[in-house]
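Okay, here's the structure, questions in a sec.
The values are calculated or read from the model by the stated rules, or taken from the named source; none is laboratory data. The model shown is predicted, which means the values in this text are computed figures rather than measured ones. Heads up, the Cβs are rebuilt from the backbone with ideal geometry, glycines too, and the neighbour counts pull from every protein chain shown. Note: areas computed on protein heavy atoms with side chains; ligands, DNA, RNA excluded. Shrake-Rupley method; radii C 1.70, N 1.55, O 1.52, S 1.80 Å.
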Amino acid sequence: MNSVAIYPGSFDPITLGHQSVIERGADVFSKLHVVIVHNPNKTPLFSIAERLEMVKLSTQHLGNVEVSALESGLLVEHAKSLGAKVILKGFRTAGDIEYELPMAQVNRDLANLETVFMAAEPSHGYVSSSLVKEVAN
């Protein structure tokens with residue numbers, strides 16, 4: 001099956017949970033685009049360039065993964081430009097799904113893009129980028 005997916009996130013910084021979703025997504029989809037997006041509700045610790053470098057280093061062993069950034073515009077338009085039919089989202093808790101579900105429904109209505117939710121591995125379920133930054137500080 002020739003399936004292309006997009007995995008968006010701020011990745012500030014990339015965590016082992018993100019890495020797990022990327023690796024598992026790379027096994028499911030023929031091409032996975034990891035897209036670093038600007039989240040206006042967050043103040044990033046790392047620049048877009050730094051995050052691009054971190055994610056590229058973390059995924060260099062995966063031949064079907066490409067990494068890019070989207071600093072403005074709609075994710076659905078970017079996904080369509082990459083040929084993606086699916087948005088991949090990882091989740092740790094039911095709260096993550098509650099947050100993501102309305103966006104998934106809007107993305108389907110706007111661009112007929114399906115969202116596939118992938119559960120975090122139990123060993124990574126408690127780790128978030130915010131927690132990593134808090135511990136580092």
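Go through (1) open to solvent by less than 50 Å² (accessible area, probe 1.4 Å); (2) of a type in the set (S, T, N, Q); (3) not in a helix (DSSP H, G or I) one by one and return the number of the condition S58 breaks.
Result: S58 fails condition (3) only.
Looking for whichever is surrounded by fewer than 17 Cβ atoms within 10 Å (Cβ to Cβ) and assigned to a strand (DSSP E or B) here; the options are E66, E23. Which one fits?
Within the list E66, E23, the selection yields E66.
Answer yes if at least one residue in the stretch 87-94 is in a helix (DSSP H, G or I) and either modelled with pLDDT under 95 or out of contact with any helix residue (DSSP H, G or I) (no Cβ under 7 Å at 6 or more places or on another chain) (or both), and no otherwise.
Yes, the stretch 87-94 has at least one match.
Another question about this same structure. Would it be correct to say that K42 is charged (D, E, K, R) and either in a strand (DSSP E or B) or touching a strand residue (DSSP E or B) at 6+ places or on another chain (Cβ under 9 Å) (or both)?
On the way: charged (D, E, K, R): yes; either in a strand (DSSP E or B) or touching a strand residue (DSSP E or B) at 6+ places or on another chain (Cβ under 9 Å) (or both): no.
No: the conditions fail for K42.
If the requirement is being open to solvent by less than 30 Å² (accessible area, probe 1.4 Å) and free of Cβ contacts under 8 Å to residues at least 24 places away in the same chain, which of these qualifies: A111, A49, A104?
Result of the check over A111, A49, A104: A104.
Consider only pairs whose beta carbons are under 9 Å apart and that are at least six residues apart or on different chains; among these, list those whose first residue lies in the stretch 89-101 and is hydrophobic (A, V, I, L, M, F, W, C) and whose second residue is in a helix (DSSP H, G or I) and open to solvent by 80 Å² or more (accessible area, probe 1.4 Å).
Going by the 9 Å Cβ cut-off, the qualifying pairs are F91/Y99.
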